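Beneath this line is the structure, given in structure tokens, with notes to follow.
The values are calculated or read from the model by the stated rules, or taken from the named source; none is laboratory data. Not measured: the values here are computed from a predicted model. Here Cβ is always computed from backbone atoms with ideal geometry, including for glycine, and neighbour counts include all displayed protein chains.
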Amino acid sequence: MAFPETRLRRLRATPALRGLVRETRLSASQFVYPMFVEHGLEGDPAHPTGRAPIASMPGVDRLSVEQAVAEAGEVAALGLPGVLLFGLPAEKDADGSGAWDPDGIVQRATRAIKAAHPDLLVITDVCLCEYTDHGHCGHLRADGTVDNDASVALIARTAVSHARAGADLVAPSDMMDGRVGAIRAALDEDGLSDTPIMAYSAKFSSAFYGPFREAADSAPAFGDRRGYQMDPANGDEAVREALLDVQEGADIVMVKPALAYLDVIRRVKDATAMPVAAYNVSGEYAMVKAAAAAGHLDERATVLETLTAIRRAGADIVITYHAKDAARWLQN
Ligand code: PBG
């Protein structure tokens, strides 16, 4: 049947009708809130509050461990299921040894948050770029390229140390080949077979990470990440990445960034039938905040539309700096 018997506007007439046939719904239970924890912010006279604002990401601060615990409490009270932790260590070195230090910043923050808010999920980003003095995500060879297999060993070691500290899930974001399998084996060997892996499976080499690299002080000192992160042009390869991670034991697969990659989210969801996370990254957040501050966009409407689109594309979980605001907006 076509027009005039069929009129799609019939079901758009009132809020109740629209609600009845809405295909995609948002709930705070689907969002994960990323947080940056910085060594030395406690007791720093330059930051008496234990917080350091990130200029390009209004509303997001780098946090002392104490402030991270407080913020985690706010997150839990809003009904959000979890946080994703990034660390800024005391010192950086060639191999990023701060990443697997049992007393490292993420390990300390994880212990403190779990002690204060045991039901909140602590997910840890597993990567070396915030810990290496050169800012790349792994061990460098003499020629400046990243040595895959040497890096995988360090990344697996990092994941185990996070899980030992109490991380509920570990989330490798380095894009080395074989790291999910290596992490699974290392966790299992350490008696941590119940710790799930949320793999950054299709992580693209993206300009949208700019504000994050300021926030986490993790920009590569030379070159770029195209030798390990994916080419934004490739969709088939993203599906291969996700399928390989599933084979290696990933429990959740991720697509990152989200907005310019909605087609990839859909393809990965259809191809894997796995829980899919999408990372609504720092540059996506910064764009909305800047446009809203300039009066060009309605922030609330834009964010809720964006999050809905990411979910409609096939994401079960959305990692987003808007999580706290969105949770509040969904309450009223
Ligand atoms: C670490 C990592 C990055 C992001 C998450 N984990 C940066 C990068 O790969 O350069 C980006 C997150 C964001 O932009 O919000 N490898």
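Things to note:
- Qualifying positions in segment 200-221 - more than 12 Å from the ligand (Cβ to nearest atom) and not in a loop (DSSP other than H, G, I, E, B): Ser201, Ala202
Rundown of residues vs (1) outside any strand (DSSP E or B); (2) in contact with a Phe, Trp or Tyr (Cβ under 7 Å, 6 or more places away or on another chain); (3) buried (at least 19 other Cβ atoms within 10 Å of the Cβ), yes/no style:
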position	(1), (2), (3)
Met1	yes, no, no
Pro4	yes, no, no
Ala16	yes, no, no
Pro34	no, yes, yes
Pro45	yes, no, no
Glu66	yes, no, no
Ala72	yes, no, yes
Glu91	yes, no, no
Asp103	yes, no, no
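- For Met175, the conditions (1) touching a Lys or Arg at 6+ places or on another chain (Cβ under 9 Å); (2) part of a helix (DSSP H, G or I) are fulfilled apart from (2).
- Residue match in segment 309-322 (condition: among the basic types (Lys, Arg) and closer than 20 Å to Thr24 by Cα): yes
- Filter pass, Ala186 being away from the ligand (no atom under 15 Å from the Cβ), buried (at least 24 other Cβ atoms within 10 Å of the Cβ) and in a helix (DSSP H, G or I): no
- A Cβ distance below 8 Å, combined with a sequence gap of six or more or placement on separate chains, defines the contacts here; from segment 215-228, residues that are modelled with pLDDT under 95 reach residues that are among the aromatic types (Phe, Trp, Tyr) and more than 8 Å from the ligand (Cβ to nearest atom) in the pairs Ala215/Phe36; Ala216/Phe36.
- Scanning segment 74-84 for residues that are buried (at least 21 other Cβ atoms within 10 Å of the Cβ) and either free of Cβ contacts under 8 Å to residues at least 60 places away in the same chain or part of a loop (DSSP other than H, G, I, E, B) (or both) yields Leu80, Val83.
- So Ala278, is it outside any helix (DSSP H, G or I) and farther than 19 Å from Gly59 by Cβ: yes
- Selected residue [away from the ligand (no atom under 15 Å from the Cβ) and outside any loop (DSSP other than H, G, I, E, B)] from Val170, Val152, Val160: Val160
- The condition of being part of a helix (DSSP H, G or I) and over 18 Å from the mean Cα position of the chain (by Cα) holds for only one of Val264, Val239, Val268, that being Val239.
- Any chance Ala112 is modelled with pLDDT of 95 or more, farther than 30 Å from Ala153 by Cβ and either more than 16 Å from the ligand (Cβ to nearest atom) or surrounded by fewer than 18 Cβ atoms within 10 Å (Cβ to Cβ) (or both): no
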